[in-house]
Amino acid sequence: MYTIQFGEVLKYYDVLLKGLLVTLELTILVMLFGTILGIIISFGRISKNKLIYGLSTGYVEFFRNVPLLVLLYIAYYAPPELFGLRLRPFVAGVIVMTLNSAAYEAEIIRGGIKGIRDEEREAALSLGLSKFQLYRFIIIPHALRLIWEALGNQLISIILGSCVTMIITVGEVTYEGLIIGSRTARHFEVFIILLILYVSLSVMMSTIFRAIKRIFMKPAELE
Amino acid sequence: MALGSVAGFFIGLMRASKNKFLNLLSLCYVETFRNSPLLIQLFLLYYGLPILFNTHIPAQTTATIAITLYTAGYMAEVFKSAISAIEKGQWEASYSLGLSYTHSLRCVILPQAFRIAIPPLVGVFVMVLKDSSLVSIIGFVELTRMAAMVRSLTFTTFDVFGVTAVLYFIMCYGFSKLGSFLEKKLEIAKVR
């Protein structure tokens with residue numbers, strides 16, 4: 001009869017912590033680079049230039065319709081065979097997840113920019129604001145308010161997606177968990193702990209995002 | 001996935017109901033399955049449970065169960081939002097006609113909610129289609145697994161997985177296009 005023993009697994013809490021750090025590192029890097037790349041691509045998506053529009057649309061559609069796992073396999077196993085370039089697993093993971101995430105971010109940002117009515121743009125320009133000022137004071141704050149929840153969801157997506165990178169031996173928390181599981185043969189406890197961990201992380205992130213929205217993003221009050 | 005949709009439908013109903021107990025129960029279910037990675041759920045079912053009960057569940061069954069539960073979580077949210085999106089006037093009208101809660105739900109609200117639910121339903125479907133590639137990790141032989149097996153025979157990763165990527169792309173993109181076609185046909189955006 002199998003007895004549930006969490007103590008056995010919690011002994012290895014330092015290993016889990018190490019993995020958690022890697023997970024967080026991965027998440028932050030991907031969110032950072034993904035957003036930057038996403039901004040660039042979103043400009044491509046709203047451009048009137050047919051070539052730029054086509055390229056960015058192709059990019060977005062590709063990375064939104066191909067599974068992360070397949071991309072990871074390609075990024076990690078293909079370069080050594082093709083050009084003899086071996087990436088470190090973590091680097092490969094960051095690159096793939098950034099490219100993937102940027103596609104979603106581009107759509108989110110594009111939605112935010114499109115969501116601003118033209119009248120606001122025209123009003124700002126007629127008041128004599130320069131293009132740069134227009135972006136800094138009108139478009140960016142407004143768009144940010146519109147897309148805040150979607151950005152939060154994207155971050156949670158990245159956290160959950162980081163779990164898959166364990167397949168190319170990125171040492172994040174799931175990977176470490178598997179190792180602990182194999183060593184102690186207590187897979188059930190390990191995965192329950194991991195489950196609780198991920199759910200807590202996600203819920204925490206959602207709460208933080210909602211709190212920031214409540215505190216910093218109150219709509220302007222009319223006199 | 002079909003099972004998951006059906007299950008998700010009922011869980012979504014639970015979420016939309018006024019019954020506090022059902023609501024809370026389904027809330028826990030939904031939040032657990034939506035906020036954790038599918039991979040963890042898969043591992044839990046495939047490695048964790050068999051150890052607990054000293055049995056072995058074949059990969060195929062585990063994969064099916066895991067995907068069903070996962071899909072149901074998202075479907076529940078979709079159905080709940082769709083039901084909530086129907087304006088209160090509809091409820092009030094059906095009550096004033098003497099219809100019970102269940103009756104009005106079934107005959108008045110749900111048909112309307114269904115139309116609204118189709119775009120997000122397509123989105124969830126595509127998402128699950130992509131995430132289904134993860135079941136290859138527990139050995140269930142599907143597209144990604146096949147690709148990995150072919151690759152280990154031929155060692156041409158880029159070609160094999162490149163083709164796989166294209167196949168997934170065609171499936172997902174095609175299905176999304178089908179979804180937008182359906183949207184246009186049913187004129188969902190005009191439902192107001």
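The values are calculated or read from the model by the stated rules, or taken from the named source; none is laboratory data. Source: prediction; values computed, not measured. Cβ coordinates were reconstructed from backbone atoms using ideal geometry, including for glycine residues, and neighbour counts include every protein chain displayed.
Assorted remarks:
- Of the residues A:GLY58, A:GLY44, A:GLY54, A:GLY38, the single one that is out of contact with any strand residue (DSSP E or B) (no Cβ under 6 Å at 6 or more places or on another chain) and within 13 Å of chain B (Cβ to nearest Cβ) is A:GLY58.
- For the stretch B:117-134, a residue qualifies if it is under 15 Å from A:LEU72 (Cβ atoms) and of a type outside the set (D, E, K, R), and the qualifying residues are B:SER133, B:LEU134.
- Listed here are the helices (runs of 4 or more DSSP H) enclosed by the stretch A:99-195 that have at least 1 residues being in contact with a Lys or Arg (Cβ under 7 Å, 6 or more places away or on another chain): A:140-162, A:173-184.
- Screening A:ALA75 against (1) more than 10 Å from chain B (Cβ to nearest Cβ); (2) assigned to a helix (DSSP H, G or I); (3) among the small types (Gly, Ala, Ser) leaves a single unmet condition, (1).
- One residue from A:ARG86, A:ARG64, A:ARG45 being without any contact (Cβ under 8 Å) to a residue 40 or more places away in the chain and among the charged types (D, E, K, R): A:ARG86
- Of all residues making up the stretch B:106-124, the number that are buried (at least 19 other Cβ atoms within 10 Å of the Cβ) and under 27 Å from B:PHE43 (Cβ atoms): 1
- Per-region count, the stretch A:9-39, residues modelled with pLDDT under 90 and farther than 17 Å from A:LEU197 by Cβ: 1
- Across the stretch B:72-100, the number of residues qualifying as farther than 22 Å from A:TYR104 by Cβ, touching a residue at least 12 places away in the same chain (Cβ under 8 Å) and not hydrophobic (A, V, I, L, M, F, W, C) comes to 4.
- Among the residues making up the stretch A:174-192, a single one is among the hydrophobic types (A, V, I, L, M, F, W, C), more than 10 Å from every other protein chain (Cβ to nearest Cβ) and crowded, with 20+ Cβ neighbours inside 10 Å: A:ILE180.
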